[in-house]
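The values are calculated or read from the model by the stated rules, or taken from the named source; none is laboratory data. For clarity, every value in this text was computed on a predicted model and none was experimentally measured. Cβ atoms come from the backbone with ideal geometry, glycine included; neighbour counts cover every protein chain shown. Quick note on the areas: whole protein, heavy atoms, side chains included, nothing else; ligands and nucleic acids left out. Shrake-Rupley method; radii C 1.70, N 1.55, O 1.52, S 1.80 Å.
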Amino acid sequence: MTDHIAPEKIAIVTGASRGLGFALAEALAPGHHVVAVARTVGGLEELDDRIKARGGSATLAPMDITNADAMAQLCRSVFDRWGGAALWVHTAIHAAPLAPASHIDVKDWERSIATNLTAMGHLIPYMAPLLGSQGRALFFEDDHAGEKFYAHYGTTKSAQIALCRSFAAESLKTGPKVDILSPRPMHTATRQRFFPGEDKTKLASPFEEASRLLGQTGLL
């Protein structure tokens, strides 16, 4: 069935197994066939169940975005099967524990760079041809650059968004359309790791934010 879906109905969501990515993928499903990319198989399977319950369809891609060869194969498969995609939504992130810059854990630092920044160096070149001039890419900022204890996350996330802003400026006249959105603080596993004692009742749910952000962009 999905072999006959037109490219304008394909949405690729990287980081789709939890949090905002999961919620965005589910919200997009009624109008798109979702290609859901994430490392966590269980989360992808739960997403697939929820999408099917809403009458939608998904292709699950349990892959690590830091694996450039795997991402190249994914994008080639999307092109061969559907000829392109209408939308790329990127929410995949590595959120290392908060720590002083003087106590950076080397493994967390390397993984933060690999996931939050280096992966974008192959994802944007791979995704842009799929989106073409009429497609759209959504990125999500979370600015903590230079703040205390955000050495891993703040540095690499801000660098990621700087790269996305360059992509947006370069694509302004030629496409694809690039949006950089600002989610409100949400009740997610990432947020809970950063602020374990925070009052969660004051946080937005990822599903509320997905609806708000997609409405803001005109996609919902």
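Share of carbon and sulfur in the accessible area of the chain stands at 53%, probe radius 1.4 Å. Exposure check, 1.4 Å probe, all protein chains in place: residue 143 carries approximately 110 Å² of accessible surface. Across the protein chains, with a 1.4 Å probe defining accessible surface, the residues 76, 136, 81 rank 76, 81, 136 from largest area downward. What the phi angles of segment 16-31 give under the Karplus curve with 6.51, -1.76 and 1.60, with θ = phi - 60°, is a coupling list of 8, 8, 7, x, 5, x, 4, 5, 5, 4, 5, 5, 6, 4, x, x Hz, glycine and proline written as x. With R₀ fixed at 22 Å, the C-beta to C-beta distance from residue 76 to residue 141 puts the FRET efficiency at about 0.15.
Defining a contact as two alpha carbons under 8 Å apart and six or more residues distant in sequence, what relative contact order in percent does the chain show? The partial results should precede the final answer.
Working: 407 pairs, mean separation 44.4, N = 220.
Dividing the mean separation by the residue count of the chain yields 20 percent.
A straight Cα-to-Cα reach below 28 Å connects residue 200 with the lysines 148, 157, residues fewer than 8 places away in its own chain not being considered. Rounded to the nearest Hz, the phi-derived 3J(HN,Hα) couplings of segment 165-173 under the Karplus curve 6.51 cos²θ - 1.76 cosθ + 1.60 (θ = phi - 60°) are 5, 4, 4, 4, 5, 6, 9, 4, 9, where x marks glycine and proline. As a length-normalised measure over Cα pairs under 8 Å and 6 or more apart, the relative contact order of segment 131-215 settles at 31 percent.
For every helix of n ≥ 4 consecutive DSSP H residues, a contribution of -39,500 (n - 2.57) applies; sum these over the chain, divide by its total residues, and give [θ] at 222 nm rounded to the nearest 500 deg cm²/dmol.
Numbers: 8 runs with 97 residues, N = 220.
Theoretical 222 nm ellipticity from helices: -13500 deg cm²/dmol.
Rounded, prolate or oblate: which one fits segment 147-217, using the alpha carbon gyration tensor with axes a ≥ b ≥ c (rounded when a/c is under 1.5, else prolate when a/b beats b/c, else oblate)? It is oblate, given that a/c is not under 1.5 and a/b is not larger than b/c. For residue 173, no lysines have a Cα closer than 16 Å to its Cα, not counting residues fewer than 8 places off in the same chain.
Using a 1.4 angstrom probe on the protein heavy atoms only, line up 41, 89, 178 by accessible area, largest first. Let's see the in-between values first.
Details: 41 75, 89 0, 178 25 Å².
Largest to smallest exposure gives the sequence 41, 178, 89.
Of the labelled figures (1) 25; (2) 21; (3) 36, only one reflects percent of Cα pairs over 28 Å apart as derived from the coordinates, namely (1). Per residue, the solvent-accessible area of segment 134-220 (1.4 Å probe, heavy atoms of protein chains only, all protein chains present) comes to 55 Å². Peptides 110-118, 17-25, 197-205 ranked from most to least packed give 17-25, 110-118, 197-205, packing being the mean of other C-beta atoms within 10 angstrom over each peptide's residues. Residue-wise HN-Hα couplings along segment 72-82, as the Karplus relation 6.51 cos²θ - 1.76 cosθ + 1.60 with θ = phi - 60° gives them from phi, are 5, 5, 4, 5, 5, 5, 4, 5, 5, 7, 10 Hz; Gly and Pro carry x.
Relative contact order (percent) for segment 33-79, with alpha-carbon contacts under 8 angstrom and 6 or more residues of separation? Each step should come with its number before you reach the end.
Details: 48 pairs, mean separation 19.0, N = 47.
In percent, rounded to a whole number, it is 41.
Note on residue 109: accessible area approximately 80 square angstrom, rounded to 10, probe 1.4 Å, nucleic acids and ligands left out.
Size of the dipole of the chain about the Cα centre, Lys and Arg at +1 and Asp and Glu at -1 on the beta carbon, nothing else charged, in debye to 20? Intermediate results must be reported in sequence, preceding the final value.
Details: 22 positive and 23 negative charges, 55 e Å.
Here the size comes out at about 260 debye.
Let's test the formula: R0 of 22 Å, r as the Cβ-Cβ distance of residue 180 and residue 207. What FRET efficiency results, to the nearest 0.05? Can you show the working numbers first?
Working: r = 21 Å, r/R0 = 0.96.
That pair, residue 180 with residue 207, gives E of 0.55.
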